[in-house]
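For reference, the structure is listed below as structure tokens.
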Amino acid sequence: MNYKVKRIGLINFWLYDEETYDFEDGKLLLRGSNGSGKSVTMQSFIPLILDGNKSPSRLDPFGSKDKRIEDYLLGNADGEQKDEAIGYLFMELYNEEEKRYRTLGMGLHARKGRPTDFWGFILKDGRRVGKDFLLYHSQMDKVPCTKRELRARLGNDNVYVESAKEYKEAVNKNIFGFPDLDMYDEFINLLLQLRSPKLSKEYKPTKLMEILSTVLQPLTEEDL
């Protein structure tokens with residue numbers, strides 16, 4: 001639908017109290033030494049912010065199951081941990097042709113010993129996070145909104161959901177426009193394959209062709 005990413009943001013997530021990254025023409029360049037957090041920052045958004053799947057293997061670009069979503073909110077088990085925390089992730093997009101902003105995001109409420117609560121939203125009315133739409137109670141206290149508070153702020157003209165499946169459907173419908181979720185899943189799977197660190201170590205045309213052949217379905221005669 002001709003949207004380009006303008007900003008991404010993290011609130012009370014991993015090492016960030018609040019951080020926003022600005023994109024230029026839909027592009028972002030991150031530089032830093034090994035272990036500085038480049039992969040962790042990006043894996044929080046791609047593909048998590050696109051489909052809401054927070055399973056451990058999806059959070060780690062290496063495919064391990066060591067990291068849980070709770071670790072990004074409460075802290076690692078081998079370090080200092082919080083008992084409870086609410087965090088937010090968001091991605092702001094802009095359609096140059098229609099001069100329109102849309103923002104997709106999710107809230108996460110983690111508590112020790114309990115499943116992490118999830119809610120997703122899409123701002124369709126043009127408001128922008130941190131400018132005329134706050135994910136905090138106020139700019140003064142910096143306390144993230146609860147699920148109920150966020151829903152009230154959204155109003156009736158925007159999208160609010162409480163499951164990853166509904167969130168994925170809403171993102172596809174309002175941002176990408178794939179004909180069905182199977183095609184959208186193939187797109188996400190392609191992103192997962194291309195983000196693999198192993199690809200950068202074995203970057204050969206044959207390897208890339210193998211990945212694309214695996215994740216992209218062949219065209220039918222009717223499609224052709």
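The values are calculated or read from the model by the stated rules, or taken from the named source; none is laboratory data. It should be emphasised that the depicted structure is a prediction, and the values quoted were computed from it without experimental measurement. No Cβ is skipped: glycine too gets one built from the backbone with ideal geometry, and neighbour counts run over all protein chains shown. Ligands, DNA and RNA are excluded from the accessible area calculation, which covers all protein heavy atoms including side chains. Shrake-Rupley method; radii C 1.70, N 1.55, O 1.52, S 1.80 Å.
Among the listed pairs Lys27/Lys147; Lys131/Lys168; Lys112/Lys142, a Cα-Cα separation exceeding 29 Å is found for Lys27/Lys147. Which shape class, rounded, prolate or oblate, goes with the chain when its Cα gyration tensor gives a ≥ b ≥ c as root eigenvalues, a/c under 1.5 marks rounded, and past that a/b bigger than b/c marks prolate? Note, shape of the chain comes out oblate. Relative to a virtual label point 7 Å from the Cα of Lys4 in the Cα→beta-carbon direction, which members of segment 73-107 show backbone nitrogen distances below 17 Å? Output list for this probe position: 92-103. Only residues of segment 1-42 count here: report those whose backbone N is under 20 Å from the spot 7 Å along Cα→Cβ of Lys173, or say none. Answer for segment 1-42: 1-3. Normalised by the number of residues in the chain, the average gap of Cα pairs under 8 Å and 6 or more apart makes the relative contact order 18 percent. Full extension of the chain between Ala152 and Asp223 gives 21.1 nm of extra length, using 0.36 nm per residue less the Cα-Cα distance.
Rolling a 1.4 Å probe over the protein heavy atoms gives the chain an accessible area of 59 Å² per residue. Listed values for segment 79-87 are Karplus-derived 3J(HN,Hα) couplings in whole Hz (6.51 cos²θ - 1.76 cosθ + 1.60, θ = phi - 60°), namely x, 6, 10, 8, 7, 7, 7, 10, x, and x replaces Gly and Pro. Of the whole protein surface, Val161 contributes about 20 Å² of accessible area at a 1.4 Å probe radius. If you plug the beta carbon distance of Asp125 and Tyr21 into 1/(1 + (r/R0)^6) with R0 = 22 Å, you get a FRET efficiency near 0.40. The calculated FRET efficiency for Arg100 paired with Ser36, based on their beta-carbon distance and R0 = 45 Å, is about 0.80. Kindly list the residues of segment 130-172 that lie in the label zone of Leu28, defined by a backbone N under 18 Å from the point 7 Å along the Cα-to-C-beta vector. Output list for this probe position: 130-131, 135. When only Cα pairs under 8 Å and 6 or more residues apart are kept, what is the percent relative contact order across segment 107-187? Worked out over segment 107-187, it gives 30 percent.
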